[in-house]
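Read through the structure below, which is laid out as structure tokens, and then see the notes.
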Amino acid sequence: VKETQRNSFMSYDTSMTEKFENMLSIETNLRKAIERDELQVHYQPQKSILTGKVVGMEALIRWHHPTRGVVSPSEFIPIAEKNGLIVEIGEWVMREACIQNKQWQDQGHPPVIVGVNLSALQFHQKDIVQRVKRVLKETGLDPHYLELEITESMAMSNEEYIIKTLNDLRNLGVHVSIDDFGTGYSSLKYLSRFPVSKLKIDKAFINENQEQNQAIVKSIIHMSHSLNMKVIAEGVETAEQLAFLKAERCDEMQGYYYSRPLPPEELSSIFTRDHLH
Ligand code: C2E
Ligand code: CA
Ligand code: CA
Ligand code: CA
């Protein structure tokens, strides 16, 4: 028994060390990535289920590492959140997304809302509202075409501050949505105090254990509507999932079934395809 224990401890140790080294290497390289222009923003279309039109684009960061290839944000965003780099990276993404959306509009594409993920650290910066305002001013994007995504867990702390910040953002004209909805524990009462315009149903409820999750999805849709919020389903991968969402009157969808996140140059065809509806 002792021997097995020791062995399992050793392998645990080794993998922890590896993880740690991997983290360190991501951290050093991430700092360089910014300088070396290795970061890029991809966009995933969001469609109105009723009209079939593209109404939004979510900005999702990509890191093209010179030797590792594309590193997934789920690998480096948590690290950037721990060491604070996310503040710089996140603001860069917001600026890129605003520039891109302005450019699409200037090219004559039907206007869409660009969605940007806001990390907890960014949201808790004292001057976050000023920063958003500055980016909008510098890029010339009309605030109504920017949506900031905060997560349900972020909305769970320091209620006064959250409500004030959300109100200030709304007064600027930007939209705020709650991302990964359903993974936290916010109650209807709690949620009703937040000036947010949309809930994003976490993709796990859409594409995993579909049968078990249908009741949850239905109730999130009904809850959003009773609070006068829109609701979007993430992670829609099949026609069946879309049909269910349509029957339940979900407003919007986002997922591989319609399109993966794409680099901006590949999105013009999506806009063209959208015109044909
Ligand atoms: P998220 O904000 O929940 O973004 C949705 C994720 O689901 C994206 O993963 C997207 O590519 C993926 N996805 C979209 N449709 C489908 C589908 O049909 N099936 C499945 N299985 N997945 C789908 P991605 O791009 O790897 O991003 C992962 C997470 O990294 C994001 O989750 C977000 O939390 C974070 N992230 C990405 N970009 C940024 C950023 O600029 N700032 C911050 N703070 N976080 C970011
Ligand atoms: Ca998101
Ligand atoms: Ca999400
Ligand atoms: Ca997520």
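The values are calculated or read from the model by the stated rules, or taken from the named source; none is laboratory data. Note that the coordinates shown come from a computational prediction; the quantities given were computed from them, not determined experimentally. Ideal geometry is used to build each Cβ from the backbone, glycine not excepted, and the neighbour counts take in all protein chains shown. Accessible surface areas use protein heavy atoms only, side chains included; no ligands, DNA or RNA. Shrake-Rupley method; radii C 1.70, N 1.55, O 1.52, S 1.80 Å.
Accessible area per residue, 1.4 Å probe, Å², for region 67-134: what's the number?
Heavy-atom accessible area per residue stands at 47 Å².
Pairs of Lys residues in region 1-140 that lie 8 or more places apart, or on two chains, and have C-alpha atoms under 23 angstrom apart add up to 9. For region 61-105, trypsin sites (Lys or Arg not before Pro) are listed when DSSP marks them as loop and at most 13 other Cβ atoms sit within 10 Å of their Cβ; the list is R68.
Region 66-143 and region 222-275 have Cα centres lying 21 Å from one another. Summarising the amide proton neighbourhood of V55: residues at separation of 5 or more, or on other chains, whose placed amide H is nearer than 5 Å comprise Q46, K47, S48. For region 205-222, putting each phi into the Karplus relation 6.51 cos²θ - 1.76 cosθ + 1.60 with θ = phi - 60° gives couplings of 6, 8, 10, 10, 5, 3, 4, 4, 8, 4, 5, 5, 4, 4, 6, 5, 4, 5 Hz, in residue order, rounded to whole numbers and with x for Gly and Pro. Amide H contacts under 5 Å for L148: V116, H175, V176, S177, restricted to partners 5 or more places along the chain or on a different chain, H placed in the peptide plane at 1.01 Å from N.
Can you give the calculated 222 nm mean residue ellipticity of the chain, where each DSSP H run of n ≥ 4 adds -39,500 (n - 2.57) and the sum is split over every residue, rounded to the nearest 500 deg cm²/dmol?
Values: 11 runs with 141 residues, N = 277.
Only helices count here, giving -16000 deg cm²/dmol.
Computed from the alpha carbon positions, the gyration tensor of region 86-181 leads to an equivalent ellipsoid with semi-axes of 23, 13, 12 Å, biggest first. Any idea which of I77, A59, V87 is furthest toward the positive side of the dipole for region 29-101, if Lys and Arg beta-carbons carry +1 and Asp and Glu beta-carbons -1? In region 29-101, that residue is A59. Packing order of peptides 143-152, 126-135, highest average first: 143-152, 126-135 (average count of other Cβ atoms within 10 Å over each peptide's residues). Sequentially through region 136-151, phi angles give Karplus couplings (6.51, -1.76, 1.60; θ = phi - 60°) of 5, 5, 5, 9, x, 7, 4, x, 5, 9, 10, 10, 9, 9, 10, 8 Hz, Gly and Pro residues having no value and appearing as x. Within the same chain, lysines fewer than 8 places from K189 are excluded, and of the rest, those with a Cα less than 22 Å from its Cα are K164, K198, K200, K218, K230. Under a model in which nothing but the beta-carbon of Lys, Arg (+1) and Asp, Glu (-1) is charged, the chain shows a dipole of about 500 debye around its Cα centre.
Close amide H partners of H65, meaning residues 5 or more places away or on another chain with modelled amide H under 5 Å apart, are V70, V71. At the listed q of 0.13, 0.16, 0.17, 0.22 Å⁻¹, the Debye profile of region 125-220, built from one uniform point per Cα, gives log10 I(q)/I(0) equal to -0.51, -0.72, -0.79, -1.10. When the Cα positions of H42, Q107, L172 are compared along the charge dipole of the chain, L172 comes out farthest toward the positive end, with charges on each C-beta of Lys, Arg, Asp and Glu.
Here the 3J(HN,Hα) profile of region 55-70, calculated from phi with Karplus coefficients 6.51, -1.76 and 1.60 at θ = phi - 60°, is 10, x, 9, 8, 7, 10, 6, 10, 10, 8, 7, x, 10, 7, x, 7 Hz, Gly and Pro shown as x.
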